[in-house]
Amino acid sequence: MSIYVIADLHLSFSENIEKPMDIFGGEWLNHTENIKKNWECAVAEGDTVIIAGDVSWALKLEDAIADLDWIRSLPGNKIFVKGNHDLWWASIKKLNAMFGTDMRFLQNDFCEAEGFAVCGSRGWLCPGDEDYTEQDEKIYRRELLRLRASLTAAKEAGFSKKIGVLHFPPMNDKFQESGFTELFAEFGVERVFYGHLHGDDGFKSGIQGIVGGTEYRLVSLDYLKCKLLKLEG
């Protein structure tokens, strides 16, 4: 069985949500049809797809159900990490109780997939970013605690192989290391995937490659051209 990763589906199937993505052009033209086609061509029923945030434009859980049901209709087991636009995200206990084991929502814990512990959090802007504020500092610290809780749970469960997932990039726009990169190094995470960045200018502001023994990869939908990234090895 295989593991795939993607971020930023930005769905809006609810009749109460009016958020067309084709206004952004490029890879966002017919993006739901394209990702569905590529997903069904690549993913088998026993595979796992990790979705690194910004799943739905819905503001309320009841409006996100149409998007979550659409994802559930696609092949594979799904693991979700929260994005900054996932305002519909309810308590983690409630979300995980609403769906079967093929739809898992990750927060303060880990999910198992093919012998790996999938660990992560939403992440946030990192210190040193030009837009960083005192309010960002509070959220940043909270997300570090959530990531540490996730990694610690996996370690205590005996997992040596870990996959890291964030929605936000793990570094600021100057590519300086952060508490997130320090945690991934501390716990020996070999691969980390994140989204959030869009367009050519956005892509250039995200770290790609190996830092401190950890490989970082951007997996936002438009960067992957509506295809899922398959993990090798």
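The values are calculated or read from the model by the stated rules, or taken from the named source; none is laboratory data. Quick caveat, the model's predicted, so the values are computed rather than measured. Positions of Cβ are generated from backbone atoms using ideal geometry, with glycine treated the same way; all protein chains shown enter the neighbour counts. These accessible areas exclude ligands, DNA and RNA; they are computed on the full protein's heavy atoms, side chains included. Shrake-Rupley method; radii C 1.70, N 1.55, O 1.52, S 1.80 Å.
Looking at the structure I just gave you, is residue 193 among the aromatic types (Phe, Trp, Tyr), in contact with a helix residue (DSSP H, G or I) (Cβ under 9 Å, 6 or more places away or on another chain), closer than 24 Å to residue 128 by Cα and crowded, with 21+ Cβ neighbours inside 10 Å? Taking the combined requirement at face value, the residue does not satisfy it. Just one residue in the set 145, 166, 197, 151 is more than 22 Å from residue 220 (Cα to Cα), of a type outside the set (Asp, Glu) and within 16 Å of the chain's Cα centre (by Cα); that residue is 151. When residue 42 is tested against (1) in contact with a His (Cβ under 7 Å, 6 or more places away or on another chain); (2) surrounded by fewer than 18 Cβ atoms within 10 Å (Cβ to Cβ), exactly one condition is not met: (1). Filter segment 101-143 down to the residues that are open to solvent by less than 30 Å² (accessible area, probe 1.4 Å) and at pLDDT below 95 and list them by number. Once the filter is applied, which keeps residues that are open to solvent by less than 30 Å² (accessible area, probe 1.4 Å) and at pLDDT below 95, segment 101-143 yields only 129. Selection of segment 17-37 for residues being more than 17 Å from the chain's Cα centre (by Cα), open to solvent by less than 40 Å² (accessible area, probe 1.4 Å) and not aromatic (Phe, Trp, Tyr) yields 17, 21, 25, 31, 32.
In segment 60-75, the residues that are touching a residue at least 12 places away in the same chain (Cβ under 8 Å) and assigned to a helix (DSSP H, G or I) form Cβ pairs under 6 Å with partners that are buried (at least 19 other Cβ atoms within 10 Å of the Cβ) and of a type in the set (S, T, N, Q), at six or more places apart or across chains, as follows: 63/14; 64/56; 66/14; 67/56.
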